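Take a look at the structure set out below.
The values are calculated or read from the model by the stated rules, or taken from the named source; none is laboratory data. Keep in mind it's a predicted model, so treat the numbers as computed, not measured. As a convention, Cβ positions derive from the backbone with ideal geometry for all residues, glycine included, and neighbour counts pool all protein chains shown. Ligands, DNA and RNA are stripped out before the accessible areas are found, and what is left, the full protein with its side chains, is counted by its heavy atoms. Shrake-Rupley method; radii C 1.70, N 1.55, O 1.52, S 1.80 Å.
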Amino acid sequence: MLNVEGLHVSYGSIKALQGVSIALSQGECVAIVGSNGAGKTTLLKTICGLLKPNKGRVEFEGKSLVGKMAYDIANMAVAHVPEGRRVFTEMSVLDNLIMGSYVKEAKAHRRESLEYVFSLFPRLAERKDQLAGTMSGGEQQMLAVARGLMLKPKLLILDEPSSGLSPLIVEQMYEKLGEIHKTTDMAMLVVEQNVPIALSIADRGYVLENGSIHVSGTSDELMVDPEVKAAYLGFH
Amino acid sequence: MELLLQVLISGILIGGVYALISIGLTLLFGVVDIVNFAHGEFVMIGMYASYWTWVYTGADPILTLVVSIPVMFLVGVIIQKYLFTHIMKAPALTQIFLTVGLQMVLQNGALMIFGSNTRSIAFSWREETLKAGGIIIPVNMLVAFSLSFILAGVLFVFLSKTDIGKAMKAARLDRETAMLMGINTNKVFYIAAGIAAALTGAAGTAISTFQYIQPLSGAHFGLMAYIVVILGGLGNLKGAVVGGLLLGIAESFGIQYISANSGLLMAFLLFIVVLVIKPKGLFSAKEAV
Amino acid sequence: MLEVKNITKRFRGLLAVNDLSFHVNKGEILGVIGPNGAGKSTTFNLITGVYKPDNGEVLLNGENISHLTSDIVCKKGLSRTFQVTRPFGDMTVIQNVMVGAFLKTSQLRNAKREAMQMVEFVGLADKANSVARTLSIIDQRRLEFARSLATDPSLLLLDECLAGLNNREVEEAIELIWKVKASGVTLVVIEHVMKVINAISDRVVVLNFGSKLKEGLPKEVMSDPIVIEAYLGKGFAQHA
Amino acid sequence: SSKNGDVKEVVVGVLYPTSGSLARLGGAALKAVELAAEDINEAGGIKSLGGAKVKLEIVDPGEKPETAKSATERVIQNKKVSAITGDYNSSLSLVTSEVAERAKVPFVTASVSDTLTSRGMKYIFQVSPKGSMFGESQVKFAKEYIVDKLGKKPKVAIVFEETSYGTSTSEGLKKTAEKMGLDVALYEPYSANFADASPLVNKIKSSGAEILFPVSYLQDAILIQKTIKKFDVDIITVGGGAGYLMPEFIGELGEAGEGVLSVASWNMDVNKNGVKDINKRYKEKNGEFITEHSGEAYSAMWTIAHAIEKAASADPEKIKEALATLKLEEGTPGNIMPGGDIEFDKTGWNKNVHPVIIQWQNGIPATIYPAEDAKSEFKH
Amino acid sequence: MSMQVEKSYKSIEKVDTNTIESSDLQQSAPFLERISHPKMYVPLIGLLLLSIAPLMVNQYYQNILNSIVLFAIAGVSWNIFGGYARQISLGHAVFFGIGAYTSTLLLTKFGISPWIGMFVGGLLSVLVGYIMGLSLMRLRGHYFAISTIVFSQVLLLIFTKYRQFTGGAEGLSVPFADSFWMLQFSNKLPYFYIFLVFLIGILLLVRKIENSRLGYYMIAMGQDDQAAKAVGINIPRVKHIALAISAFTMSIVGTLYAQYMYFIEPVAVFDIPLSVEFAMISIIGGLGTVMGPVIGAVIMKPFIEIAISITNFLGFESVGGINYFLYGIILVIVVIVLPNGLIRPITRGYNKLLSVLPGGKSK
Ligand SMILES: Nc1ncnc2c1ncn2[C@@H]1O[C@H](COP(=O)(O)OP(=O)(O)OP(=O)(O)O)[C@@H](O)[C@H]1O
Ligand SMILES: Nc1ncnc2c1ncn2[C@@H]1O[C@H](COP(=O)(O)OP(=O)(O)OP(=O)(O)O)[C@@H](O)[C@H]1O
Ligand SMILES: CC(C)C[C@H](N)C(=O)O
Ligand SMILES: [Mg+2]
Ligand SMILES: [Mg+2]
């Protein structure tokens, strides 16, 4: 359903991506891991139309996304949970979620979606009238994920959703993501620093280093890959 | 006692006018986040729009809203599209710089097109008053005052209850993320700027029922609108209305009980005192729509 | 060295910190953990004078500092980093750190020298002349760390300074923290990464709903069923 | 002489504001100067220079001292002018006169401030009455015609806009009123350009005065008069010129404006030669009657022409000498200022000039006082 | 975080002076060597050219040059508080006005020389700045900016209102004299050189501040006051100091202005457009840079004269408002083309120039 081929992206003279290709089919969950500055966020932003590639193709359900505006891509049921939460700080939690279901299709199912995300994250229901900016970092992260789900996406893109979350919440959230993965045919593209947990729900994974794909394979393969182990898994 | 009441009522009515001119500004300022120093000139264009409509149709000024509102909506969209878009992310000072330029263009453009003559709209209720005991209420001021409440109310509902209203706020807070939500931010800003200008045009129409029209007619109102918007709390509609009323009352009382040149002084001092106590204006952002 | 006594902070009816007490001994590293929204950052803000506690007091070396503003607190040797980074965006890395160094010297040259060392220490030397705004979040964290260190603190509060680092980087960072500790600085560290907490803290305080849930040695705390229930989660053992 | 015979045109710098808040009257005055130049040239130009034509160099002094200074420098330095005229607004004239003085170029102004000719300058010539005289005339007239004749209580209210013009003329009002034994119930400046006149009118009403001396520019003047009517205030207005004399004033007020009085430094029907004709041609060209400042501007331009004629030279220094000793007798073209000959005293002020009082009658400001200048009678 | 560095925290011994203070070395280098570097001789040549420029033109252009230099000083003053400390003041005309009025009143009422008056005015401005600071210190962003406008309007109204002391709306004329001691000249040249000396003085001052703890503190505070507090910066104090310096220097500009214009009135010296102009000069040149406001003044001040020349050339000089209409269009275009000011492109060009000039490649 998603096809990225030979993607090159740069910030001025800095080359962030140099010929990245990934693919994702319906209902699949794919993890992208890699160290800081590897280009993970750049890749996701390019898919979502926030950055323009210098070269390469991005296709979603057979349609090219290159040159489309980010809001047009959102209208194709691609949700992006951005790095660093990016909740609308001066709006209430509820209004943030409402914004998540701004596109026409999602708006029709707003009520159900709200119930659904509130059941996933009860804290948000408790705090639905609090200004998002005054929520704790972790709470904001929950909100960001929930807001992404409000779009009723066919493809959910998550940029480091576990960052700043307490272990319990991370576990719970990945449980929910795993559940969604199993019960729906939503495709997921997850970027994570927390490699073990990402690979625990992903079917496949890519390792991105210095702007290009270094290693790729199924989660099980990656888990035992010595290089991956050394860089991202082992600890002492 | 009667005098006191009259002074109060005069103040409230002027305050209503201040509130009226501030509603569009608080929207533009609060949503598009543009510091528009040409705001008073938008009022002025609204006044001329009503004036020319009246000249050609003879319509009652309230009916000229049918023209001033869409015309100003268009003006707002055009200015947003060709000017403001370029400076939305720029520092406030850059915006001031651009809009001061715009102010000069509009003021002097009007001067070149319409000349410096003072004009006015003539209509049946212009000189009418309501009298209750010794208290006198000019009808045209009352109309302007009422309009400010109606427009503020409509805008409030629009911003807090509709998706597009909320999208305006989201787009201001974080453009990129708003786009990820499927919000066409450019369109949203066009609409916001259009509505802001339309509201300001409506204010111009209301003001032309009692003020006189010439290229500088808006200048004074521009500054007052800024003061009101800040006093009330940026982007807060309730604040704009309450702030406007307070300034009007302070001005009226200052003139009557201190001296005729102390009206504005009192209004300004009130402003400073309020901000010393509440640095974010009367109504802080929390209650903002 | 630091004593937090019965502090309470309310935000419009929300009890963010509730009658919290704990202390920090000289020379140790105190880990602070707890679920999101437990009040950890707020506690830092209360200690450093960003917020005033509604109740209770904060003592630094026996002196009540709860009514002081952040700058005075900093002059007293208490420095901190922010969870959401706050670099001086238009200044370069070295200039950012110099601002910190100016706390102890008024000489440009000394400040520059001091700052350069800190920048090297945190591994930002090659970006010393980059404008802070253009740094990645991770580098901004390094920068904040360096800036705090440059004030030559005796007590340093780190708020999720290591979030977003991969394993290798975390290991390097831990060594840095040890070095800081070795030079005689006392630290209080908020982290969600248990490996880090395990590795560096002498003691751990667990917060939940603004109150202290548990306090003790890292091992004790992390095997405590209440803490597992409220914070770590059952799956914790698997991933750790 | 043969040297003078070469002069084909004499350049006069004209500084009337045509932008900003002064544009309305500045533009009108500029039209009058253009008309004067036309008249001068049609009448054969400067005969002593072989019929040299007067050429105008027009420059906009804006509304700030800084822009006025720059505009004056521009016209003096870059255009080789023989003399300059303009400004009508005293604040601008104060600046222009300094520049002219230092550049040694004569400046003939129609601004009214007393200060202008009190600074010992040699190159400034003021054809208009001084600001302090306006109040005197207003009060004198009110005493004679309203207090004494109509038997009104001598309780008066003086309100004036807090501008240079307003404050300077109000001083004369107050002094004279007190001297003449009128009870000044209210004497206050107000901030110009208000949103609404109600508070000010509330105050006038509560002062209990029966005669009002307001000094206001146009919008304030109209709003004050309208609000007085709305608030049922029974008061006779003797305005302080400016807004009270403009075509828009009567246009807006219509019936309500009839009978309103005002002081004026000049009027379109003063008892002077040629005034009627000037008004007629001005109106044909510009669609409105000629107002006080425009009349003075016209006169100032002619004064310069006569001085050049007398000097028989385009040299500013010689023109200045000529101005100092000039005497334009009654009947000379351009001598349309009330008060006989145009003749400057040592300070450069036209010592014979005085203001007049007008009353709006049939939509026209009719001069009614003093008798020597008047063609109409005070009506009540 | 990288570990390559084998140096541990708090070991201050090893210092690489070369990379740290290259300017120190320059100072100890022999004069000839220093002067042969374009970094030194280009500004000197520039200064020389600038100082002889007014000798070659008539009084009209001298007037423009004078106002460029005068407003450059004003821009630099504003920039101390508005640019470095990022406290967007749109009410700085307050200090300009106080400077103009104080020295003029002292001169007209007591015959005191403006050379003394300017310092009295400066001190008064510092005092008023302190009050303004106290009342507005807690405000941020737009709240601060608009409040400074209101503050200046209050002063405008007060100076207009109490006319027994200030002369009111009629303004004050500076009595005519021609003496250095009275800071008045019948010729424009002396003004130019006096303004120039003040400009150089304030530029040196700003450079000095920029390279001091105060400067770093001001900039840091302007970027993020919460973070600045956290590293020990006493925010109110730094704000007050920055405002005091800015107010004092701005006040001096006010005195110079009064002495140059010979006439002041409340609107001319206190009103909003003047304050906005100070800010614009800084931003068009480059906020928070030493030379930015100078560049800003060089570009901004002649705008209106250029607009007038255009209308004259087209023969439209009697069309009311056309000059300012054009001026407005120029402003709008400049902002859209160069939203971040000119300092960066100009510095780039300048550095390029330096590197190709003889002696420039050595570094
Ligand atoms: N706005 C920008 N301007 C310039 N360079 C940028 C910008 N954003 C990212 N980069 C650079 O592009 C490269 C890739 O960055 P990217 O943010 O995609 O990495 P990432 O893998 O998401 O890292 P992280 O784990 O830190 O989130 C890095 O070298 C980064 O410094
Ligand atoms: N300024 C504020 N106004 C209102 N509520 C606030 C404010 N600051 C914090 N809170 C609330 O107080 C609670 C504690 O927040 P705090 O930031 O201290 O949590 P935390 O323990 O640091 O969480 P995290 O681990 O997610 O960073 C949260 O529920 C948060 O929403
Ligand atoms: C506006 C006018 C009334 C100005 C007045 N003639 C003056 O000299 O200032
Ligand atoms: Mg990333
Ligand atoms: Mg936190």
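Per-structure values
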quantity: Residues of region E:279-303 satisfying the condition of being part of a helix (DSSP H, G or I) and more than 11 Å from chain B (Cβ to nearest Cβ); calculated: E:Gly285, E:Gly292, E:Pro293, E:Val294, E:Ile295, E:Ala297, E:Val298, E:Ile299, E:Lys301, E:Pro302
quantity: Qualifying residue in region E:154-174 (condition: modelled with pLDDT of 95 or more, in a helix (DSSP H, G or I) and under 24 Å from E:Ile68 (Cα atoms)); calculated: no
quantity: Output for region B:159-178, where each listed residue is closer than 14 Å to A:Ile98 by Cα and either at the interface with chain A (Cβ under 7 Å from one of its Cβ atoms) or of a type in the set (Lys, Arg) (or both); calculated: B:Lys161, B:Asp163, B:Lys166, B:Ala167, B:Lys169, B:Ala170, B:Thr177
quantity: Inter-residue pairs, beta-carbon under 9 Å, first in contact (Cβ under 8 Å) with a residue 60 or more places away in the chain and within 13 Å of B:Leu216 (Cα to Cα) and in region D:18-42, second open to solvent by less than 10 Å² (accessible area, probe 1.4 Å) and assigned to a helix (DSSP H, G or I), 6+ apart; calculated: D:Leu22/D:Leu92; D:Arg24/D:Leu218
quantity: Residue check for D:Arg119: away from ligand 4 (no atom under 16 Å from the Cβ), facing chain E (nearest Cβ under 8 Å), assigned to a loop (DSSP other than H, G, I, E, B) and closer than 21 Å to E:Phe176 by Cβ; calculated: yes
quantity: Condition broken by D:Glu248, with the remaining ones in (1) within 13 Å of chain B (Cβ to nearest Cβ); (2) over 19 Å from the mean Cα position of the chain (by Cα); (3) among the charged types (D, E, K, R) satisfied; calculated: (2)
quantity: Subset of region D:192-225 (residues that are more than 7 Å from every other protein chain (Cβ to nearest Cβ) and under 20 Å from the mean Cα position of the chain (by Cα)); calculated: D:Ala192, D:Phe213, D:Pro214, D:Val215, D:Ser216, D:Tyr217, D:Asp220, D:Ala221
quantity: Looking only at region A:160-177, and only at residues there that are open to solvent by less than 10 Å² (accessible area, probe 1.4 Å) and more than 11 Å from chain C (Cβ to nearest Cβ), the one that is nearest to ligand 4 (Cβ to nearest atom); calculated: A:Pro161
quantity: Identity of the residue in region A:1-32, within 14 Å of chain C (Cβ to nearest Cβ) and out of contact with any Leu (no Cβ under 7 Å at 6 or more places or on another chain), that ends up farthest from ligand 4 (Cβ to nearest atom); calculated: A:Ser13
quantity: Conditions (1) touching a residue at least 60 places away in the same chain (Cβ under 8 Å); (2) closer than 16 Å to D:Gly51 by Cα: number failed by D:Gly334; calculated: (2)
quantity: Qualifying residue in region C:56-67 (condition: more than 17 Å from the chain's Cα centre (by Cα), open to solvent by 20 Å² or more (accessible area, probe 1.4 Å) and within 16 Å of ligand 2 (Cβ to nearest atom)); calculated: yes
quantity: Hey, E:Pro43 touching a Leu at 6+ places or on another chain (Cβ under 6 Å) and not β-branched (Val, Ile, Thr) or not; calculated: no
quantity: Residue in region D:237-244 that is more than 30 Å from D:Ile158 (Cα to Cα) and out of contact with any Cys (no Cβ under 8 Å at 6 or more places or on another chain) present; calculated: no
quantity: D:Ser21 being open to solvent by 30 Å² or more (accessible area, probe 1.4 Å), within 16 Å of ligand 3 (Cβ to nearest atom) and not basic (Lys, Arg); calculated: yes
quantity: Spans of strands (runs of 3 or more DSSP E) in region C:27-108 with at least 1 residues farther than 26 Å from E:Gln223 by Cα; calculated: C:29-33, C:55-60
quantity: Residue within region D:43-57 that is surrounded by fewer than 24 Cβ atoms within 10 Å (Cβ to Cβ), more than 17 Å from the chain's Cα centre (by Cα), within 13 Å of chain E (Cβ to nearest Cβ) and part of a loop (DSSP other than H, G, I, E, B) present; calculated: no
quantity: Pick from region B:81-97, criterion in contact (Cβ under 8 Å) with a residue 60 or more places away in the chain and of a type in the set (A, V, I, L, M, F, W, C), ranking: farthest from B:Val32 (Cα to Cα); calculated: B:Ile96
quantity: Selection status of D:Ser91, crowded, with 24+ Cβ neighbours inside 10 Å, away from ligand 2 (no atom under 16 Å from the Cβ) and within 30 Å of D:Ala71 (Cα to Cα); calculated: yes
quantity: Residue satisfying all of: in region A:73-105; touching a Ser or Thr at 6+ places or on another chain (Cβ under 7 Å) and more than 8 Å from chain B (Cβ to nearest Cβ); farthest from A:Glu160 (Cα to Cα) among these; calculated: A:Ser101
quantity: Residues of region A:202-217 satisfying the condition of being buried (at least 19 other Cβ atoms within 10 Å of the Cβ) and touching a Lys or Arg at 6+ places or on another chain (Cβ under 9 Å); calculated: A:Leu208, A:Gly211
quantity: Pick from region A:91-140, criterion within 16 Å of ligand 5 (Cβ to nearest atom) and assigned to a helix (DSSP H, G or I), ranking: surrounded by the fewest Cβ atoms within 10 Å (Cβ to Cβ); calculated: A:Gly133
quantity: Flag if A:Glu28 is touching an Asp or Glu at 6+ places or on another chain (Cβ under 6 Å) and among the charged types (D, E, K, R); calculated: yes
quantity: Some residue of region B:97-117 being assigned to a loop (DSSP other than H, G, I, E, B), open to solvent by less than 30 Å² (accessible area, probe 1.4 Å), within 14 Å of chain E (Cβ to nearest Cβ) and under 30 Å from E:Gly320 (Cα atoms); calculated: yes
quantity: Neighbours by Cβ (under 8 Å, 6+ apart or cross-chain): first from region D:83-94, within 11 Å of chain E (Cβ to nearest Cβ) and closer than 25 Å to D:Lys310 by Cβ; second among the polar types (S, T, N, Q) and not in a strand (DSSP E or B); calculated: D:Ser93/D:Ser111; D:Ser93/D:Ser113
quantity: Residue in region C:78-86 that is hydroxyl-bearing (Ser, Thr, Tyr), within 14 Å of chain A (Cβ to nearest Cβ), under 20 Å from E:Ile219 (Cβ atoms) and open to solvent by 20 Å² or more (accessible area, probe 1.4 Å) present; calculated: yes
quantity: Only one of E:Gly232, E:Gly320, E:Gly315 that is crowded, with 24+ Cβ neighbours inside 10 Å and on the phi > 0 side of the Ramachandran plot; calculated: E:Gly232
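Yes/no per residue for (1) modelled with pLDDT of 90 or more; (2) farther than 20 Å from E:Arg237 by Cα; (3) within 16 Å of ligand 3 (Cβ to nearest atom):
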residue: C:Gly37; (1), (2), (3): no, yes, no
residue: C:Ile47; (1), (2), (3): yes, yes, no
residue: C:Glu63; (1), (2), (3): yes, yes, no
residue: C:Thr69; (1), (2), (3): yes, no, no
residue: C:Thr92; (1), (2), (3): yes, yes, no
residue: C:Met98; (1), (2), (3): yes, no, no
residue: C:Met118; (1), (2), (3): yes, yes, no
residue: C:Ala128; (1), (2), (3): yes, yes, no
residue: C:Ile137; (1), (2), (3): no, yes, no
